[in-house]
1. How much length would be gained if the chain were fully extended between Arg563 and Val453, taking 0.36 nm per residue of separation minus their Cα-Cα distance, in nm to one decimal?
2. Tell me, what HN-Hα J-couplings in whole Hz come from the Karplus equation 6.51 cos²θ - 1.76 cosθ + 1.60 at θ = phi - 60° for each residue of the range 413-429, using x for Gly and Pro?
3. With all protein chains present, calculate the accessible area of Lys58 using a 1.4 Å probe and round the result to the nearest 10 Å².
4. Hey, in the chain, which Cys have no second cysteine's beta-carbon closer than 4.7 Å?
5. Given H placed 1.01 Å from N in the peptide plane, which residues other than close sequence neighbours of Lys85 have an amide H under 5 Å from its amide H?
6. D for the range 6-184, whole µm²/s, Stokes-Einstein with Kirkwood Rh over alpha-carbon pairs at 4 °C and 1.567 mPa s: what number?
7. Quick one: pull the percent of accessible area on the range 431-571 belonging to carbon and sulfur, 1.4 Å probe, ligands and nucleic acids left out.
8. Compute the relative contact order of the chain as a whole-number percentage, counting only Cα pairs closer than 8 Å that sit 6 or more residues apart in sequence.
Amino acid sequence: MLQLRNYQQQAVQSVVVHFRHKPDAALLVLPTGAGKSLVIAELARLARGRVLVLAHVKELVEQNHAKYQSYGLEAAIFSASLGRKETAAKVVFASVQSVARNLSEFTEQYSLLVIDECHRVGDDEDSSYLKVIRALQGQNPDLKVLGLTATPYRLGSGWIYQYHSRGLIRTTEPRFFKYCIFDLPIRFLLAEGYLTPAVLMDAPVLSYDFAGLKPTASGYFKEADLDLRINQQQRATPQIIQQVIQHAAQRTGVMIFAATTAHAREILGYLPASQTALILGDTPQKERDALIHSFKQKQLKYLVNVAVLTTGFDAPHIDLIAILRPTESVTLYQQIVGRGLRLSPGKTDCLVLDYAGNRFNLEQPDIGELRPEPGTELVTVPCPVCGFFNNFWGKTDDRGLVLEHYGRRCQGYKEDQRATPIACGYRFKAKFCPDCGGENDIAARHCGDCGLVLVDPDKKLKEALSLKDALVLYVTRMQLQSHQSKEGKTLLKVSYFSAEGAEIAEYWSLQTKAQKQKFLTLFVPPHLVDRHRAFTEATVHKVVQQAHRFQPPEAIIARKEGRFWQIRDKLFQIQGKDTE
C-alpha cells in the first residue's frame, strides 16, 4: 500500500470535511507532480458508496486505475479506447466520452463522482461531462461531485470556481464548481524536493519580439498575428534552434513549444529528423500515441508541439523545455514548464529556455489577470473593511512599499450562519453616478442604480477642451469653509485651486433634510478618501472639521452662466492631462 504525503492527506481530509457540511461541487488544485492519482485512489477507497472517476484521455484512466489497484483493491474500467466496458465494481475508472455514449449502463446509484482535469467541465448542458453529471444526479440527487486540476483558470472565461476556502471570491458569475477547498502552490513542491528544480534561462542570446501583441476576447493570441510577427523575424528561428540543440547535447528529453502550426513545421525542419516528432491538434490519435510512446521510450529526443501537450502528458525524463511562444497567463506558463519538473532517476534539473520574453515567475500564484504593463508585480493589499489580503498587480518602491495597485474590488467573503458566502464588495476604485451618487465599477458604462450613461472621464475632458465656452481647471488643492450668504444663511463653500492660483467654487446649503441627503449622496462618495468609514456629518461646522477626509478631483469642467462659472463636471480618474 502506498503512503500518502502530508499534503495529500490534507487534500483528502479537506474533501471529507467539505462534503460533511456542504453538498456543493468542489475542487482540489494540485500542480503537476503533486500525485493527483494517489489522492483519487485514497478518496475512492474511503468512499462508502459507489464511485465513478472520469478522465478525458485513456492514459489518465489507466494511471488512476493503476494507483487504486496498488492498494490491493479491485476496480473496473469503462473505456472504449482501452477495450473494456465494466461497471460491476464499487469503483469504476472511465473515459467521459464512453460513459456519455452509454448512460444506460450506469443505472446504479453513485455516491461520489470524481473528475480528473476538471477544468474541461464547462457550462454547456450538451457537453459529455454535464450529460453524465445530470444522469447520475437523476439516480442520486445527493451525488457529491469533486474535481481535480492543476489549472483552475480558463482563458476567456476565467476561474472555474466561485469561492476559495481561504475566504476569497474568484468570480460572481455562477460556476459548476462552487468551492476550491484545497490549493497547493507549486513553490511548495519545489521547496520540498517533490519536483525537479528548474534552471531558468530567461533571456537567451536571441529571442522573438512579441511585444505589443494583444490577446483576443477569448484570451488567446491570434495565430495570424503570431505568424506575421515570426515572419518579420525570419532569421531568429534557425539560430534559436541551433542554440537549443547545443544546450540539449547533454540532455535526455526536449520539449519545444511553438507558437503556430507553420512555426512548428519550420522548427521541425531545423532539428535532426531521426530524433524528432511533431504533434499538432489534428494529429491522428494512433499516430499521436505512437509518437508519444517513442518519446517516452527515449527513441526520440525532441518533441515539438503547438498547445496540445500542456496538460495530461507525463514524461518524467524531460529535462529541457524550450518556449518559443508567448504565454497568455501565469497558469499556462507553469503548465508548460511543469512538463519538465517531474522527478526521474538521474535527473538533477530541468533547463528552461524562454525565447518569447515571457515575464512570469514559476512560483507566482495566478491572480486571473494579465500583467497590465511592464514593471508591475504582484502586491498584497489589505481591505480596509474586512481585512482580507488581496493579491493585485501593482508597483512598489525600493523598500517594497506599494505605490499603486490595479485592484478594483475586494475579493474577500465571509459566511453567514447558514454558511452562505457574503461578499465584502468594497471597491478600491469606483465611478460615481453624477445623478444618483451610485457607486459603480471603474469600467462601468451605465449606472447600476439609475441606468444613466457614464461617460469616460477622458472623453469628457477631450470634449471640454474643444469647446470655446468651457473652462477646464486642473485641481491641485481643495478648501472647505463656512460661508455667509447675502441672506445671512450659513453655506458650505468648497473652493478648487489650480497650480496657477485660479479658483472656482461651489456652495452647498445644508439646512433641510433633503439638502443634507443631496450632499451626502452627490458630494461625499466621489470625494471621500476613506470610503470604508461611514460619513454621516451634514452640518457645515462638522463637515469642515472633517475636511481632511476629502480628496479634490483631478479636473473640473465649468461653463459660464451670466458673469459666473458654474461647475458642470468633476473628473476624478483621468489618464492624462495632455489631451489637447
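The values are calculated or read from the model by the stated rules, or taken from the named source; none is laboratory data. Quantities reported herein were computed from a predicted structural model and do not represent experimental measurements. Here Cβ is always computed from backbone atoms with ideal geometry, including for glycine, and neighbour counts include all displayed protein chains. For accessibility, only protein heavy atoms count, side chains too; no ligands or nucleic acids. Shrake-Rupley method; radii C 1.70, N 1.55, O 1.52, S 1.80 Å.
1. Details: separation 110, 0.36 × 110 = 39.60 nm, distance 3.05 nm.
Difference between extended and current length: 36.6 nm.
2. 8, 10, 9, 7, 5, 9, 6, 8, x, 10, 5, 5, x, 4, 9, 6, 10
3. That residue has around 60 Å² of solvent-accessible surface.
4. Within the chain, the cysteines lacking a partner Cβ under 4.7 Å are Cys118, Cys180, Cys350.
5. Amide H to amide H, under 5 Å and 5 or more residues apart or across chains, Lys85 pairs with Ser79.
6. Rounded to a whole number, D works out at 80 µm²/s.
7. Working: 3990 of 8220 Å².
C and S fraction of accessible area: 49 percent.
8. 9
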